[in-house]
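Below you'll find the structure, written out as structure tokens, and then a few comments.
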Amino acid sequence: MAKFLLNDFMIEDHIVSALKEDVGYGDISTDFITSDIDKNKKFEIYLQTREEGILCGCDPFRLVFKILASDDVKIDFFKEDGDKIIPNEPIAKITGSPRCILTGERLSLNYIQRMSGIATFTKKFQDIAAPYGAKVVDTRKNTPNFRLFEKYAVKVGGGHLHRFNLCDCVMLKDNHIALMGGSIEDAVKKVRNNISHAHKIEVECDNIEQVKKCLNAGADIIMLDNMSLDMIKECVALINKRAIVEVSGNVNLKNLEDIAKTGVDIISSSAIVAKAPTLDLGFDYID
């Protein structure tokens, strides 16, 4: 698992900021309800799911309570990121200060529900593409300031990652090419002369003529954007392993297998993040 993405020091500031937004000057519902309760009283509640899916987000969930309560809340996970979860099977037991548990409930669920939803949806895509040797990857169409969590969830779901940010990889799109007078060769040459040897160059193509120009220019990755299946097959044959072939545009669960069968290397889809439904998890008090 890509645990390096979610080390505590990488995500703590995000969670602190989220707590500031959610708690404000105080949880007036919980603070007044618990004001007369013995401070040594322990509250015990369970994290469970109402639907089948892939668990993701244990660390952010845990860190919410660590920041709120230090050692006053204990979390025992029975599952870990990447595990299949089913209804009525406890995922974790949360024990400790009633005030801290109730205050952190919604925020901790927001993280783990959203991330589990992405992991679950991603797995559906990757399971279809995997038999044909294709990798399903995310895109930069994600939630601002939540990218790290979303990319981690994609990995947990068995998917793969595109660039993390704009400095990670060169991607020349139609507007970049337009600024170079329409010359793919000149655009590739210009960036190649300025980037590190460690960076790859990807070029977006709408037609076969552009693919030919990419091959002449020595592009590392050729993206076939919104092409028909017949065009994709023709381009795959033309490229013939001389570059990584990526397909993008209107990818969904219905057309994914047909795309994967064409022999492409990468299928990028914003849907695995942007259209992933939130998994229904909740806190259940068990007498």
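Some observations on this one:
- Annotation note: of K79, K93, K74, the sole residue that is farther than 15 Å from F283 by Cα, surrounded by fewer than 23 Cβ atoms within 10 Å (Cβ to Cβ) and of a type in the set (K, R) is K79.
- In the stretch 10-57, the qualifying residues are those that are more than 17 Å from L107 (Cα to Cα) and of a type in the set (S, T, Y), and the one that is most open to solvent (accessible area, probe 1.4 Å) is S35.
- Pairs where the first residue, in the stretch 229-254, is open to solvent by less than 60 Å² (accessible area, probe 1.4 Å) and the second is hydroxyl-bearing (S, T, Y) and outside any helix (DSSP H, G or I), C-beta under 7 Å, 6+ apart: I232/T262; V236/T262; E246/S268; S248/S268; V251/S269
- Looking only at residues in the stretch 112-130 that are free of Cβ contacts under 8 Å to residues at least 60 places away in the same chain and of a type outside the set (S, T, N, Q), the one that is surrounded by the most Cβ atoms within 10 Å (Cβ to Cβ) is M115.
- Looking only at residues of the stretch 134-165 that are of a type in the set (A, V, I, L, M) and touching a Leu at 6+ places or on another chain (Cβ under 7 Å), we find that the one that is surrounded by the fewest Cβ atoms within 10 Å (Cβ to Cβ) is L148.
- Test for N7: is it surrounded by fewer than 12 Cβ atoms within 10 Å (Cβ to Cβ) and touching a helix residue (DSSP H, G or I) at 6+ places or on another chain (Cβ under 9 Å): yes
The values are calculated or read from the model by the stated rules, or taken from the named source; none is laboratory data. Only a predicted model underlies this, so the values are computations on that prediction, with no experimental measurement involved. FYI the Cβ positions are ideal-geometry reconstructions off the backbone, even for glycines, and counts take in every protein chain you see. Protein only, heavy atoms only, side chains kept; ligands, DNA and RNA dropped before computing areas. Shrake-Rupley method; radii C 1.70, N 1.55, O 1.52, S 1.80 Å.
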